[in-house]
Structures are given as structure tokens and as C-alpha cells.
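A quick write-up on the structure given underneath.
Since every read-out is calculated from the coordinates, none of them should be taken as a lab result. For clarity, every value in this text was computed on a predicted model and none was experimentally measured. For neighbour counting, all protein chains shown are included, and Cβ atoms are generated from backbone atoms with ideal geometry for every residue, glycine included.
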Amino acid sequence: MITSEDITGLILAGGRAQRMGGIDKGLIPFHGKPLIESAISRLKPQVSTILINANRSITKYSHYGYPVLMDETPDFSGPLAGFSVGLRHCKTPYLLTSPCDSPLLPTDLAEKMAHQLENNNLELVFASSKEGDGKAWSQPVFCLMKSDLQDSLNAFLSKGDLKIDRWFKELRSATVIFENAQAFANVNTPEELAALEKVSS
């Protein structure tokens with residue numbers, strides 16, 4: 001059985017955050033604390049250790065006491081760059097990824113995804129949320145993957161493809177649907193931040 005000891009958490013804070021005026025999203029205050037602190041506190045009980053993927057504000061992120069990893073391929077951005085560097089530094093059998101700007105992420109994220117991965121002999125499981133209209137909405141940056149997927153990902157990236165769902169299709173992958181869509185709410189604009197603070201106060 002996969003336990004939290006087998007999992008490394010990777011928080012993705014490497015994006016450019018254009019819609020937030022380019023400020024570093026992980027450091028935006030949410031209820032008075034940087035957004036990344038919410039992600040850390042929710043992930044910490046689910047994993048054995050945490051890695052942070054960031055491409056700026058390195059000193060600020062390193063204050064949390066976890067390794068801060070920069071993308072090794074500065075010419076492309078996106079979560080797959082973060083996945084790649086996370087896999088390279090992952091010392092446990094599994095890597096759990098989450099963005100830095102979803103402060104309400106599920107506290108049973110690892111448990112549900114590990115269950116699905118193990119029972120169905122999969123290489124990667126990603127989250128989906130059930131929206132108000134009953135449709136499942138893919139949340140591909142929330143993943144649990146085997147840590148030996150580095151070669152597969154590098155081969156995929158070397159083709160110049162950055163589409164996360166296309167890489168998933170090359171793997172034995174599936175999704176887990178989480179009922180609470182709010183858990184994956186992320187913050188792309190100041191208005192969304194204000195709305196999310198109201199919901200979670």
C-alpha cells in the first residue's frame with residue numbers, strides 16, 4: 001500500500017502569472033499569509049517531504065526550509081518543466097504535484113489518487129473536479145505519478161510538445177473525480193483572490 005512516506009510533494013510556483021500583473025503568485029497574501037503557505041500546510045501531512053519549483057523569489061521560497069528547484073529548461077514554461085525537475089530530485093517512489101495558488105486543495109488528494117493508481121496498476125493519476133453542472137473538469141496539474149517517468153517525460157518534451165494531457169495519453173493514466181470543485185479553485189486575478197477569501201473565511 002502506498003503511504004505518505006512513499007510520496008514527495010512538489011509545489012509548482014514557476015509560472016509567470018501574467019493575469020496577476022506578473023507578480024509571483026505563491027507570495028500573494030491569502031488571509032494575510034503567502035498563498036504557498038496554504039499549499040504547504042495542506043500537502044505536508046500527505047507526503048514525506050516537499051520540493052518547491054520556482055523560477056524567481058528563490059530566497060523567499062527557500063525560507064520555508066524545503067529545496068527550491070528552478071526549471072532546467074528556461075526556453076519553455078509550464079507545469080511539465082516543473083514535473084521534469086521534480087522527478088529528477090524525487091527520492092521516493094511517487095511524486096505528488098500541486099500548484100502554489102490553490103489554497104483549498106483536498107486534504108485527501110494523495111490518499112484517493114494512491115488508491116486509484118495502485119488498484120489499477122497505473123503510472124499516473126490526475127485529479128478532476130465535479131462542477132456545478134455535474135461535468136468532470138480535468139485538473140491536470142494535480143497529479144500523482146511514479147517517480148521513474150523521467151525518461152518518458154524527457155522524450156515527450158524533446159519533441160517540443162508542452163501539452164500536459166498529450167503526455168498523459170502516452171502513459172497508463174486515469175483520473176480521480178473529487179466532488180468539491182472549490183478545492184481546486186485557483187487564483188488568477190485579484191477578483192478571484194477576493195472571492196476565494198470570502199468562501200474560505
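So here's what we get for this one:
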{"item": "Selection from the range 69-88 of residues that are part of a loop (DSSP other than H, G, I, E, B) and either touching a Ser or Thr at 6+ places or on another chain (Cβ under 9 Å) or of a type in the set (A, V, I, L, M) (or both)", "result": "Met70, Asp71, Glu72, Thr73"}
{"item": "Conditions (1) touching a Ser or Thr at 6+ places or on another chain (Cβ under 9 Å); (2) closer than 18 Å to Phe142 by Cβ; number of the one not met by Pro99", "result": "(1)"}
{"item": "Unique residue being touching a Pro at 6+ places or on another chain (Cβ under 9 Å), in contact (Cβ under 8 Å) with a residue 60 or more places away in the chain and closer than 13 Å to Ile40 by Cα when the list is Pro79, Pro103, Pro99", "result": "Pro99"}
{"item": "Residue ID - nearest to Gly78 (Cα to Cα), chosen from residues in the range 130-155 that are of a type outside the set (Gly, Ala, Ser) and more than 19 Å from the chain's Cα centre (by Cα)", "result": "Asp151"}
